[in-house]
Amino acid sequence: MNKLNGIKLRHDKGTKDCETTEFPLPKSVVVPMSQHMGAPCECIVNKGDTVTVGQKIGDTDAFMSAPIHSPVSGTVTDITDFLLANGATCKAVVIESDGEQRVCPDVAPPEINDTQSLIAAVRESGLTGLGGAGFPTHIKLNYDPVKTPVDTLIINAAECEPYITSDYREMLESPTDVIEGILMVQKYLGIPLCKFCIEDNKPEAIKLMKEKTEEIRSIDIVTLKSSYPQGAEKVIVYSATGRIVEEGELPVHQGVIVMNVSTVASIYRYARTGMPLVSRRITIAGDAVTKNAGNYFVPIGTRVSELLEYCGATEAKKVLYGGPMMGICLYDTEQPIIKNNNAVLAFKEGKMPETTACIRCGKCVRTCPFNLMPVAIESAYKAKDVEELKRLKVTLCMNCGCCSYACPAHRPLAEINQLAKMLIPRK
Amino acid sequence: MKGLYVSPSPHRAADNSTAKVMMMVIIALIPAAMAGCVFFGARAALIMSVCIVSCVVFEALCRIIMKKEQTVSDLSAIVTGLLLGMNLPATVPVYVAVIGSFVAIVIVKQLFGGIGQNFANPAITARIVLMLSFTSYMSNNWAVPYWYSDLVDAKTGATPLAAEWLTYTENGVNYKMAPFTLGEMFFGETGGCIGETCAAALIAGGLFLIIIRVISPATPIAFIGSFALLTFLYTGSGTETLYGVLAGGLLIGAFFMATDYATTPITTKGKIIFGIGCGVITFVIRSFGSYPEGVSFSILIMNLLTPYIDKLTRTVPFGAKKAERSGK
Ligand code: SF4
Ligand code: SF4
């Protein structure tokens, strides 16, 4: 098998057997108008408006975007400026729930019978990549089949971050949605082959998916070695197909598109029900969680503080959106769950080990999946040597954190790489 | 909820530290150091202790005087002291050991900024400085395993490399006989520096470090391999080749000094070049030079070339556009 460098992590997937349940409906939700990569949405409701579940509350004409829908029924009590955990600001709609969860009359299964209607439906569903960066799904599907023909759909079910089990539960609990979603994408986009990639630490999921696809020739279940960051896009493309997504390219330039397993299942769910993306499966875990660790369907916009309270994690010293390797720290637990959060982790210990001087051991170089040289990048960054940073290809760094993790001197190499990238003028 | 820690990802770190790495190196050196004590007696223990203590004291003082954070707890000064001690004959006066430690820690390491910043291996450089300044202590008067010291034979007072090979003619054929048997060389019953004679212990320590991935096998394989190949081609004798590998600090050099992180290349390609360079230079000095011992010089010379090797052996980033790949 094609193998890039990486690291072995403790899996800590203690919630893997926790069946997903509905999270108690919050009294109010905060729905930011930017939950995806690309342009934020315009808010299309006003203070005082009554809204229903699935009603569109934000949209834009911008190409790179995805509409946003109300996760609850109730009243818009405020439209505020909101500071997101990633540092960006946008408008956010505060909705007080009336507890009835009345469904919007517009919610009806869409008619999908060709490529364009599939893409239009996916856009209307508000779907973005559920696994990571929040790339609007309809844009990923809307490639030009002449310029960049695609022959392989890669389903990313690696879930290589510790603790998180939401994709795993998706496979076990809704295998039909997953497989029908894949078949729909293959059918309407004309993609002959699907490589469904699962890490070998999830044997139950591999077994189930193999059973369910026994009759389906176009879906190939690929068992990947469990290694971090196996689920990173360029890594999984290489592991599954041996193709190298070069600098400045997207996977589609190599004839593949990569979709997260929960994302593809959501396409089918939308086709089946017409209910846009208004809630999602979240893993709540971490050593500060004292009760109810597990997987939940959480309405978008639910404040993290409610999750922490429900799980007895109010004493946490560090709270993350996402996994321990690439997750973002919350500075304030009033932040809401947004579309691309797959986990909320709460930890008792927040401090990282002290940084000491680099001993030039080369571990950072040996663990980098992209063969970058973080030790050299750090020196070049300190010297503000932009040309050297370009030669070292710091822009390829995906911030996976393997280098920082492995460094015996605990140098914040991944962070330095992100700072170094900013020194390089964009073309 | 307030007062949360906010830090950039990743939020996990491997259970490792500089001190742990150094501890592993110390553990790997202990068998050879103990063998030195067995063969050279209490004085060997004394010299190694003096080196360790003075290295630690010099390191602590340097950091205090330079008003930098204290680094004694990273154990690197202990490694340097131990290595230096193992690279001295047990017979050196104590003050020579202290001077060596001063050179290693103060001049070679701390003046260049401390751990990771020095360009030459502290213990090697100190050994060379002592060899040039105290030549008589460092080479003429080699320590002998103590149970030989009252015997008068060819073994007395010479390292395997400096000792004359015995030549004799029998039935018209010339024979060369090594002053020590290969078995003696393997277990370390020869003259030499405290820690360099016991091949068995050095190999065990080196393998240990390779297995726990503290050092890469590339350097020792390239070093020993290229030296052995050249020696074999030059002498045509397997015994002499083996003899050369086991003698004169080649093993301690290849496993413990040529693998020093700070002063050797980072990438595997670089390590191979470094190792081959060391092997070739050692061979040349031993075969054609006036010093019997080439290992220290070879490593020092390659230390000086390391920044250039590093520049030439950068990794090729995954997916980097070919036309503008890094390196030049
Ligand atoms: S892993 Fe850390 S100590 Fe080792 S070379 Fe890289 S930055 Fe330096
Ligand atoms: S964070 Fe960047 S440099 Fe570090 S291992 Fe990941 S890709 Fe390589």
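Please give the net charge around A:CYS403, taking every other residue with its beta carbon less than 13 angstrom from that of A:CYS403, where Lys and Arg add +1 and Asp and Glu add -1.
+2
From the helices alone, meaning DSSP H stretches of at least four residues, give me the mean residue ellipticity at 222 nm for the protein assembly as shown, per-run term -39500 (n - 2.57), in deg cm²/dmol to the nearest 500.
Numbers: 24 runs with 276 residues, N = 755.
Roughly -11000 deg cm²/dmol at 222 nm, from the helical runs in the protein assembly as shown.
Suppose R0 equals 41 Å. What FRET efficiency, 1/(1 + (r/R0)^6) with r the Cβ-Cβ distance, do A:VAL146 and B:PHE119 give to the nearest 0.05? Let's see the in-between values first.
Details: r = 56 Å, r/R0 = 1.37.
My answer for the efficiency is 0.15.
Karplus couplings for the range B:260-272 from phi (6.51 cos²θ - 1.76 cosθ + 1.60, θ = phi - 60°), rounded to Hz, Gly and Pro as x?
Coupling constants for the range B:260-272: 4, 4, 5, 10, 10, x, 8, 8, 4, 4, x, 5, 5 Hz.
Identify, among B:MET22, B:PRO10, B:PRO89, the residue whose Cα sits farthest towards the positive end of the charge dipole of the protein assembly as shown, taking +1 on the Cβ of Lys and Arg and -1 on the Cβ of Asp and Glu, with the dipole about the Cα centre.
B:PRO89
If we count every other residue with Cβ under 12 angstrom of A:LEU127's Cβ, Lys/Arg +1 and Asp/Glu -1, where does the sum land?
Residues near A:LEU127 contribute +4 overall.
Suppose every K and R has +1 on its Cβ and every D and E has -1 on its Cβ; what is the size of the dipole of the range A:363-423 about the Cα centre, in Debye to the nearest 20?
On the way: 9 positive and 5 negative charges, 19 e Å.
Here the size comes out at about 100 debye.
Choose one of A:PRO24, A:PHE82, B:ALA262: the residue whose Cα lies farthest towards the positive end of the charge dipole of the protein assembly as shown (beta-carbon charges +1 Lys, Arg; -1 Asp, Glu; about the Cα centre).
B:ALA262
How far is it, in nm, from the label point at A:ILE244 to the one at B:TYR308 when both lie 7 Å from their Cα along the line to the Cβ?
2.9
Under a Cβ-only charge scheme (Lys and Arg +1, Asp and Glu -1), can you give me the dipole magnitude of chain A about the Cα centre, in debye to the nearest 20? Write down the numbers at each step before the final one.
Numbers: 47 positive and 50 negative charges, 314 e Å.
Computed charge dipole of chain A: roughly 1520 debye.
Apply the Karplus parameterisation 6.51 cos²θ - 1.76 cosθ + 1.60, with θ equal to phi minus 60°, to every residue of the range A:315-330 and state each ³J(HN,Hα) to the nearest whole Hz, in sequence, with x for glycine and proline.
8, 4, 9, 9, 10, 10, 8, x, x, x, 8, 10, x, 9, 6, 8
Extension gain B:ILE301-B:MET34, at 0.36 nm per residue separation less the Cα-Cα distance, in nm?
Values: separation 267, 0.36 × 267 = 96.12 nm, distance 2.96 nm.
Here the answer is 93.2 nm.
List the trypsin sites (Lys or Arg not before Pro) in the range A:93-158 that DSSP assigns to loop (not H, G, I, E or B) and whose Cβ has at most 11 other Cβ atoms within 10 Å. Which are they?
On the way: sites: A:ARG102, A:ARG123, A:LYS140, A:LYS147; in loops: A:ARG102, A:LYS147.
Counting only loop positions with at most 11 other Cβ atoms within 10 Å, the trypsin sites (Lys or Arg not before Pro) in the range A:93-158 are A:LYS147.
By its C-alpha gyration tensor, with a ≥ b ≥ c as the square roots of the eigenvalues, how is the range B:18-139 shaped: rounded for a/c under 1.5, else prolate for a/b larger than b/c, else oblate?
Values: a/c = 1.99, a/b = 1.33, b/c = 1.49.
Cα axes put the range B:18-139 in the oblate bin.
Report the GluC sites (Glu not before Pro) located in the range A:1-71 that are in a DSSP loop and have at most 12 other Cβ atoms inside 10 Å of their Cβ, or state none. Provide the component values of the computation, followed by the final result.
Numbers: sites: A:GLU19, A:GLU22, A:GLU42; in loops: A:GLU19.
Answer by residue number: A:GLU19.
Which percent, nearest 5, of DSSP beta bridges in the protein assembly as shown are antiparallel? Walk me through the numbers on the way to the answer.
Values: 40 of 63 bridges.
Taking every DSSP beta bridge within the protein assembly as shown, about 65 percent pair in antiparallel fashion.
Taking the alpha-carbon centroid of each part, what is the distance from the range A:145-214 to the range A:265-336 in angstrom?
23
In debye, nearest 20: dipole of the protein assembly as shown around its Cα centre with unit charges on the Cβ of K, R (+) and D, E (-)? Mind dumping the intermediate values first?
Details: 68 positive and 66 negative charges, 296 e Å.
The calculation lands at about 1420 debye.
Where a number appears in this text, it was derived from the coordinates with a stated rule and is not lab data. As the structure is a prediction and not an experimental result, all values here were calculated from the model. Note that each Cβ is placed from the backbone with ideal geometry, even for glycine, and that neighbours are counted across all protein chains shown.
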